[in-house]
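Laboratory data are not the source of any read-out in this text; all were calculated from the coordinates shown. Predicted model only: the values in this text are computed from it and were never measured. Here Cβ is always computed from backbone atoms with ideal geometry, including for glycine, and neighbour counts include all displayed protein chains.
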Amino acid sequence: MLTFDIQDCYPRLAEEAFVAINTRNILTFGLTYFVNSWLAEDGALAVFNVLGVCFLAVCALTVPLWIFGKRIRSWIARNQFLNEFMADM
């Protein structure tokens, strides 16, 4: 199983890997479990439009990072709480 391989190879990142893999599994389950009935009820065009708008919205969130990325990284580096929170113990 991939989860245990990552946790064995990168023990300092085990928590993040576990969360990332479980998040992927939950999203995949949600898409396969709920989208089928939604697709049957509303049709392919409606589902495509909603999922496409969601995808474009997530992609649009990268624009502020391109513009303000240096300031955000600088602010995080100066913030004591975030440095302690993100430090591996």
Cα-based Rg / Dmax (Å) for the chain
18.8, 51
What span do the alpha-carbon atoms of the stretch 1-42 cover on each of the three principal axes, reported in whole Å from largest to smallest?
45, 16, 7
Relative exposure of 50, 63, judged by other C-beta atoms within 10 Å (fewest first)
63, 50
For the chain, the charge dipole (Cβ of Lys, Arg +1; Cβ of Asp, Glu -1; about the Cα centre) points to a positive end, and the Cα of 58, 32, 79 closest to that extreme belongs to 79
FRET efficiency for residue 25 and residue 60, using Cβ-Cβ distance with R0 set to 25 Å, rounded to 0.05:
0.45
What distance in nm separates the two pseudo spin-label positions at residue 16 and residue 42, each 7 Å out from Cα along the beta-carbon direction?
3.5
